[in-house]
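The values are calculated or read from the model by the stated rules, or taken from the named source; none is laboratory data. Nothing here was measured: the structure is a model prediction, and the numbers come from that model. So basically every Cβ, Gly included, is an ideal-geometry build from the backbone, and we count neighbours across all protein chains shown.
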């Protein structure tokens, strides 16, 4: 089955292709789309829905999109839906990470969670899948893998940051991996019913 992932983020695409080896996953770059899809909703599901509908309406294919973000308890769940633009509209991972560390400088409570919402549009019908991973924010970066806030996020029950994990290790427990796994199970049951 071929699915359009309505994103141009290469890191996310790699993670998702790793989890969906039995599917042909195209992203916006693959279909020649360079347009920035506005993320104007106030929730992860809302933003994922906007992007998925854009893909379905403009390319007429089965598609899915995600919206993910980091919620930090001491910051009233910020940066949340603004995770990619926390330090400004230029979406700079390093600037976002440094702003978060600065905002948490005097905070003892460093609990946080990553959340993902995926909206799949399959044969014109919408399906929603969500994933959450709890953890905490450390005080300085560790690791070279991953992207975004991965170098400062340690999942609960682990000692490594997401950036210190291999792609396979991260794929076993990340928020996106959990949401994608739910989508995979749905797609597999859907294919059996065909």
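Annotations
- Each residue in the range 146-171 was checked for being in a loop (DSSP other than H, G, I, E, B), more than 14 Å from the chain's Cα centre (by Cα) and modelled with pLDDT under 95, and 1 of them qualify.
- If you go through the range 137-157 and keep only what is out of contact with any helix residue (DSSP H, G or I) (no Cβ under 9 Å at 6 or more places or on another chain) and either within 21 Å of residue 97 (Cβ to Cβ) or crowded, with 16+ Cβ neighbours inside 10 Å (or both), you end up with just 156.
- Selected residue (only one of 168, 93, 106 is closer than 23 Å to residue 3 by Cβ and out of contact with any strand residue (DSSP E or B) (no Cβ under 9 Å at 6 or more places or on another chain)): 168
- Residues that are in a helix (DSSP H, G or I), in contact with a helix residue (DSSP H, G or I) (Cβ under 7 Å, 6 or more places away or on another chain) and closer than 17 Å to residue 183 by Cα within the range 15-47 comprise 15, 16, 18, 19, 44, listed in sequence order.
- Scanning the range 158-174 for residues that are within 22 Å of residue 104 (Cα to Cα) and surrounded by 17 or more Cβ atoms within 10 Å (Cβ to Cβ) yields 161, 162, 163, 164.
- Residues of the range 1-11 classified as in contact with a helix residue (DSSP H, G or I) (Cβ under 8 Å, 6 or more places away or on another chain) and surrounded by fewer than 19 Cβ atoms within 10 Å (Cβ to Cβ), total: 1
- The residues of the range 92-108 that are touching a residue at least 12 places away in the same chain (Cβ under 8 Å) and surrounded by 15 or more Cβ atoms within 10 Å (Cβ to Cβ), listed by number, are 93, 96, 97, 99, 100, 101, 103, 104.
- Filter result for residue 111 (closer than 20 Å to residue 7 by Cα, exposed (fewer than 15 other Cβ atoms within 10 Å of the Cβ) and at pLDDT 95 or above): no
- Given (1) assigned to a helix (DSSP H, G or I); (2) within 15 Å of the chain's Cα centre (by Cα); (3) surrounded by fewer than 21 Cβ atoms within 10 Å (Cβ to Cβ), number of the condition residue 180 does not satisfy: (3)
- Restricting the range 183-194 to residues that are in a helix (DSSP H, G or I) and free of Cβ contacts under 8 Å to residues at least 24 places away in the same chain, the residue that is farthest from the chain's Cα centre (by Cα): 192
- Output for the range 61-90, where each listed residue is over 21 Å from residue 109 (Cα atoms), in contact (Cβ under 8 Å) with a residue 60 or more places away in the chain and within 16 Å of the chain's Cα centre (by Cα): 63, 64, 65, 66, 68, 84
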